Amino acid sequence: MTPGLSIIGMLAVPALGALACLLLPARATLRLAATVSATELGLAVQLWRIVVPGGRSVGVDDLFFVDAFSAFHLIVLALVFLLCSLFAAIYFADGAEHALSRGQARRFGALWLGSLAAMALVLVADNLGIMWVGMEATTLLTAFLISLHANRLSLEAMWKYLLICSVGIAFAFIGTIFTAASAKGAGSFGADALLWTRLAAPGVHLDPTLMTFAFVFVLVGYGTKAGLAPIHSWLPDAHSQAPAPGSAMFSG
């Protein structure tokens with residue numbers, strides 16, 4: 001498989017798996033989540049073997065880009081999801097204390113694999129705008145994992161997570177706009193102002209004032225999602241109310 005197809009596969013496999021989960025019985029949904037996560041890990045390792053030994057980087061047009069740094073994080077992401085998926089198959093098994101109904105299992109599988117696809121998109125996106133879309137998608141998808149077993153506390157934790165992280169993502173969006181404005185204002189490039197590969201290229205001069213504002217907004221925005229103090233108040237509620245596999249995924 002070519003590097004480009006591996007990158008596309010890392011996005012398409014979990015996305016298609018999420019759709020398939022909406023049609024499968026409960027046990028098959030949990031098995032599919034583990035199978036897709038294992039496939040994702042295999043694709044991540046393949047990309048690692050391509051880019052790391054020769055110090056290469058691979059991309060797909062101006063949409064996706066993988067170098068050694070992002071390849072390492074793809075392996076970590078897939079490994080975390082695989083371990084959590086294997087644990088989920090035991091945690092939610094029929095007859096277990098936290099067994100899922102058919103509807104809950106379908107919802108869990110779709111949200112779980114959808115989150116995997118969104119997180120992979122964040123790591124392979126070459127465009128800051130696409131990366132932002134992936135990050136927002138992770139917020140929307142993982143929020144409903146918190147309230148998988150719906151009750152007053154889990155719903156409260158879900159809304160707290162959703163509102164706080166959405167405000168943070170809005171700050172990150174403003175920071176992304178400032179980044180694009182700093183590149184265009186410096187006359188470096190036009191339509192490619194949001195590409196990582198262009199922003200990091202030698203000889204690119206960004207407007208320092210606008211980049212200062214961009215840094216502050218991006219730090220607060222993505223820092224909220226990462227749980228940096230003092231904008232981490234969603235963390236205790238989300239971790240305490242989410243099912244154990246979801247809490248482990250949040251930590252990973």
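For the stretch 78-132, what size does the Cα cloud have along each of its three principal axes, sorted from largest down, in whole Å?
46, 23, 10
Report Rg (one decimal) and Dmax (nearest whole number) for the stretch 11-120, counting Cα atoms only, units Å.
When restricted to Cα atoms, the stretch 11-120 yields Rg and Dmax of 15.4, 50 Å.
How much of the accessible area of the chain, probe 1.4 Å, is carbon plus sulfur, in whole percent?
Accessible surface attributable to carbon and sulfur in the chain totals 71 percent.
I need the phi-derived Karplus couplings for the stretch 158-173: 6.51 cos²θ - 1.76 cosθ + 1.60, θ = phi - 60°, integer Hz, Gly and Pro marked x.
5, 5, 5, 4, 5, 5, 5, 5, 5, 5, x, 5, 5, 4, 5, 5
What shape does the stretch 135-188 have by the C-alpha gyration tensor, where a ≥ b ≥ c are the square roots of the eigenvalues, rounded means a/c under 1.5, and otherwise prolate means a/b greater than b/c and oblate the rest?
prolate
If you take the square roots of the eigenvalues of the alpha-carbon gyration tensor of the stretch 150-252 and sort them as a ≥ b ≥ c, do you get rounded (a/c under 1.5), prolate (a/b over b/c) or oblate?
Prolate, since a/c reaches 1.5 and a/b exceeds b/c.
Taking H placed 1.01 Å from N in the peptide plane, check which residues at least 5 places from Phe64 or on another chain put their amide H under 5 Å from its amide H.
Residues meeting the amide H criterion: Asp126.
Hey, could you grab the Kirkwood Rh for the stretch 21-77? Inverse mean 1/r over distinct alpha carbon pairs, Å, one decimal.
In the stretch 21-77 this quantity evaluates to 12.8 Å.
From the gyration tensor of the Cα coordinates in the chain, what semi-axes in whole Å does the equivalent ellipsoid have, largest first, with each one equal to sqrt(5λ)?
Semi-axes from the Cα gyration tensor: 33, 23, 13 Å.
The values are calculated or read from the model by the stated rules, or taken from the named source; none is laboratory data. Please read all numbers here as calculations on a predicted model, not as lab measurements. Accessible surface is based on the protein model in full, side chains and every heavy atom, while ligands, DNA and RNA are left aside. Shrake-Rupley method; radii C 1.70, N 1.55, O 1.52, S 1.80 Å.
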